[in-house]
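So the structure is just underneath, and the comments pick up after that.
The values are calculated or read from the model by the stated rules, or taken from the named source; none is laboratory data. Everything quoted here is computed from the prediction, not taken from an experiment. With ideal geometry, Cβ positions are generated from the backbone for all residues, glycine too; neighbour counts draw on all protein chains shown. Please note that ligands, DNA and RNA were not included when accessible areas were found on the heavy atoms of the full protein model with its side chains. Shrake-Rupley method; radii C 1.70, N 1.55, O 1.52, S 1.80 Å.
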Amino acid sequence: MSLTVLTVDDSRTMRDMLRMALNAAGMLVHQAEDGVHGLEVLSTCAPDCIITDLNMPRMDGFGFIEAVRKIPQYQLLPILILTTESDAERKAKARSVGATGWITKPFEPEKLISVVRRVAS
Amino acid sequence: MDQMASIRQTFFQECEEQLQALEEGLMEMDGGDHSSEVVNSVFRAVHSIKGGAGAFKLSELVEFAHAFETVLDEIRSGKLSASHDITKLLLKSADQLSDLVATCRDGASINPASYRQLLDELKQANGSSAGQAEDENWDDIDFTPMTIDIGTPVDADPGQSFQIYFKPSTGAVQAGNEPILILRSLLELGQTVVSCEFSDLPPLAELKVDEALLGFNISLRTERGLAAVRECFEFVEDSCVVRIEEPGATPTPEAGNVTVTAPVALETPTELPPMPKFAEAIAAKAEAAAAEPVVLTAIEGGKADAQQQKQDKSASSASATIRVELDRVDRLINLVGELVINQAILAQSVGQVITSGASDVNSGLEELERLTRDIQDSVMAIRAQPVKSLFQRMGRIVREVADATGKIVRLRTEGETTEVDKTVIESLADPLTHMIRNAVDHGLETTEDRLRAGKSEEGTVRLSAAHQSGRVVITVADDGGGINRAKVLETARRKGLVPSGAQLSETEIDNLLFLPGFSTAAEVSSISGRGVGMDVVRRSIQALGGRISISSKPGSGTVFTLSLPLTLAVLDGVVVSVADDVFIVPLTSVVETLQPEVNNILPLGQGHSALRIREWIVPLIDVGMALGARKTPIDPANSVAILVDTEDRSRCALLVDRIDDQRQVVIKSIERNYGEIPGIAAATILGNGRVAMILDVETITEGNQKSFEAPKRASAGGR
């Protein structure tokens, strides 16, 4: 069965890149533009994994992860953050609100797929 | 790769939007708003560009954006204050970033020297972390890959063995790190032997299901090396106990351990509860604990948040717009144009057939006309765009010219939301750029002069837009010294543009600036010079069906006012007949119409005449003669004079056979097929299906004046 991934990013470029890479690996992709939109989309689909950007308007990645973790059925859902930041601070903050792992931009499609496969079954 | 190319296109489109947001945010910061919201939006714009640039391996763009972003990050975190100098640097960097994006978009190669200086300034501003930014490899890898590079023989050995101890923490599992998936990813690397350590397990009665208590001893035999092994633990190595040893020896499975060779084996229950149940148990507990309302508040909280920030323009505009190719809109506009024409033809022909007793048909036709008009307005509105994007571009121009002239200038904009047809906006960019350059370069005094005049050292250029009786009015105002009329008049006389004895009013003197070949600057400056004068500006505004006027007050500044049509697609016109042909006179030019009386017509010789209208005497132009539609002049007494206003505020009377109608017409350009025709601006199709030419009032009146002025200029010594 193919994996379903929800990608949350305010950049169309990034969303398109993710979709292309994930689709190429046979995964289904739902997209959202920011945290608020992400929560809306979550109420209509049940992804196996979420990939979210951190810096977004309206609701950023941290707020989004926190909100997702409050939804019982998604408490253990793998959530990967997408970040260009290399500082440990943001990763630690993301982890403290419940992020599972991270993907560093710019990503190699193979690496992206292997990470998604590693955290989502 | 097609898909990649289209993403690339998306990226550059997005860059445009980000650059706009960047400029907008920086202007707000420049205006003193340093709220986190503004700084964050600025940061996000640069950050987004960097992210996309990285994906396309645009390394120069990434490098510059990174330095830029780092400074913004410092400001965001309060480590650096957004002083005036810093804001100025940021604005300059935004301009540079915009240039780099443009270069990348055009596929040209970037000369690193072009941005080196600014890059250094950014790094310097960044002070403390400058060195770090230098060698920071932003293509971040969390663990050091060096270890495997050095230990290359490792890879050569196909049977390298690792002893791994892994004890998941409760936190890691709750963050979605499923231990079984990590074990499974190890299994993909090679052969594993996994033994479970359950020494921490309390007696069943004290067992808490949401606690991670199990540890795993894993012997792994793999060809993939340490990096691949560590990668499996990438997300858990700081939160869980992970020990990886490389003994190099082949592990010997101990008795009683579970040997895992295939995924099936992992799922085989031993004396321990299987892993999936562990996870499910937590989920079940969580579900029990967090009842439904939590879900609702979470989602509604988000919605409330969204609602609250609906005013946030950037947020709401993101979801409320769609992108449509311009071609499609243009096609639609053309079709609606045809529809309008057809509706008019239909109305006219039906009107001729049915004279009475068909009120149903008539009311139906009226309804159709109303609907057509509504559709037309709505379609036109699609092309309408706020002038904001245009105004924003001017910020950069002001900065550049201010820098080059050493003046301190602030650009203030008003009415940025005023909407105008996209084509008008695009065609305005050049003339407006020139006017803004002029305002800063010539309009504003030098800092010393300002101080001497008792003004603040900061000059202001005000750019505003507003709708005014169906047109858009754009003004460019400076608070400089105003036009030096004596100097203007002297220059004009010297250049032979004005006869030496002529007495000119102040307005007439101001309007001399629009004459071809006029330039007040003693030497053509590289900034506003460039071989383009205000005459070219006026010409391009006229080409848009607009007008430009000037007013100036000595000591307090100059105001240029542009009045433009909202659209280039339709125009209100007066339908006139000239020598059996039908022409349209744009209504915006028409001042009044009148029946000339014989004793008000003053012959001037050479076939020219003038018309006295109350206190004025204006040139009288026989349109039929001017266009070559007839050989002999029309008798003015049997014709109609249309008094038109021309650009330089002089007036002219156009003589036509009769006025037929007044209506809105759809403009059809003929330039593409016929080239430029003097006296004709465009064509249209009338209700009866006939083609009518739209008169270009400017060139008709100009042509007439030229024949008047030519001998005069020659006598004044020419130009």
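Remark: relative contact order (segment B:2-135) = 25 percent; criterion is Cα-Cα distance under 8 angstrom and separation of 6 or more residues. Annotation for B:Ser551 and B:Ala637: the two label points, set 7 Å from Cα along the Cα-Cβ direction, are 4.3 nm apart. Amide H contacts of A:Lys105 (H built 1.01 Å from N, in plane; Pro and chain starts excluded): A:Thr83, A:Thr84 sit under 5 Å, all sequence-distant by 5 or more or on other chains.
For B:Asp430, the solvent-accessible surface computed with a 1.4 Å probe is close to 120 Å², ligands and nucleic acids excluded.
Given a 1.4 Å probe, how much area per residue of chain A is accessible, in Å²? Mind dumping the intermediate values first?
Details: 3980 Å² over 121 residues.
I get 33 Å² per residue for chain A.
Other protein chain C-beta atoms within 10 Å of residue C-beta, averaged over B:490-503: 0. In the complete set of protein chains, residue-level accessible area for B:Asp449 is approximately 60 Å², probe 1.4 angstrom.
Database remark: amide H of B:Ile613 closer than 5 angstrom to the amide H of B:Val618 (H placed geometrically; neighbours at sequence offset of 5 or more, or on other chains; Pro and chain starts carry no H). Note on exposure: B:Asp95, B:Asp30 ranked by accessible area (1.4 Å probe, complete protein assembly) read B:Asp30, B:Asp95, with the most exposed listed first.
By how many nm would the segment from B:Arg539 to B:Gln13 grow when fully extended, if each residue of separation counts as 0.36 nm and the alpha-carbon distance is taken off?
Details: separation 526, 0.36 × 526 = 189.36 nm, distance 3.17 nm.
Gain on extension, B:Arg539 to B:Gln13, equals 186.2 nm.
In order along segment B:70-81, phi translates into HN-Hα couplings of 4, 4, 4, 5, 4, 5, 4, 8, x, 7, 10, 9 Hz, rounded to whole numbers, per the Karplus curve 6.51 cos²θ - 1.76 cosθ + 1.60 with θ = phi - 60° and x for Gly and Pro.
Pulled fully out, how much extra length does the chain show between B:Ile382 and B:Met4, if you take 0.36 nm times their separation in residues and subtract their Cα-Cα distance? Before the final figure, lay out each step's value.
Values: separation 378, 0.36 × 378 = 136.08 nm, distance 2.98 nm.
Additional length available on full extension: 133.1 nm.
With a ≥ b ≥ c the root eigenvalues of the C-alpha gyration tensor of chain A, is it rounded (a/c under 1.5), prolate (a/b larger than b/c) or oblate? Could you put the intermediate results ahead of the total?
Details: a/c = 1.29, a/b = 1.10, b/c = 1.17.
Rounded shape, in that the Cα axes give a/c under 1.5.
Residue by residue, segment B:473-486 carries 3J(HN,Hα) couplings of 10, 10, 10, 10, 10, 10, 9, x, x, x, 6, 7, 5, 4 Hz when phi is fed to the Karplus relation 6.51 cos²θ - 1.76 cosθ + 1.60 (θ = phi - 60°); x denotes Gly or Pro.
Over 32 Å apart at the Cα level, from the set B:Lys50/B:Lys455; B:Lys50/B:Lys388; A:Lys93/B:Lys388; A:Lys70/A:Lys105; B:Lys79/B:Lys407, are B:Lys50/B:Lys455; A:Lys93/B:Lys388. Surface composition of segment B:326-385: carbon and sulfur make up 55 percent of the accessible area, probe 1.4 Å. Accessible surface buried at the B:A interface totals approximately 4700 Å², computed with a 1.4 Å probe on protein heavy atoms.
For the pair B:Arg614 and B:Glu597, label points projected 7 Å from Cα toward Cβ lie 1.5 nm apart.
In segment A:11-121, what percent of the accessible surface is made up of carbon and sulfur (1.4 Å probe, ligands and nucleic acids excluded)? It is 50 percent, rounded to a whole number.
If you count, for every residue in B:238-246, the Cβ atoms of partner chains within 10 Å of its Cβ, what is the mean? All intermediate terms of the calculation are to be shown ahead of the outcome.
On the way: counts 4, 2, 0, 0, 0, 0, 0, 0, 0.
Per residue, the average neighbour count from other chains is 1.
The residues of segment B:159-191 occluded by other protein chains by 40 Å² or more of accessible area, set against the chain on its own, are B:Ala175, B:Gly176, B:Leu181; surface from heavy atoms, 1.4 Å probe.
The mean number of Cβ atoms from other chains found within 10 Å of a Cβ in peptide B:52-65 is 2, as a whole number. 3J(HN,Hα) along segment B:604-609: 10, x, 6, x, 8, 8 Hz, from the Karplus curve 6.51 cos²θ - 1.76 cosθ + 1.60 with θ = phi - 60°, whole Hz, x for Gly and Pro. Counting 0.36 nm for each residue step from B:Asn484 to B:Glu211 and taking away their Cα separation leaves a gain of 89.8 nm. Amide H contacts of B:Ile694: B:Ile584, B:Ala681, B:Ala682, B:Ala683, B:Thr684, each under 5 Å away and 5 or more positions distant or on a separate chain (H built 1.01 Å from N in the peptide plane; Pro and chain starts excluded).
If you look at the Cα atoms of segment B:2-135, you get an Rg and a Dmax of 14.3, 46 Å. The mean sequence separation of alpha-carbon pairs under 8 Å and at least six residues apart, normalised by the residue count of chain A, gives a relative contact order of 24 percent. The accessible area of B:Asp377, taken with all protein chains in place and a 1.4 Å probe, comes to roughly 90 Å².
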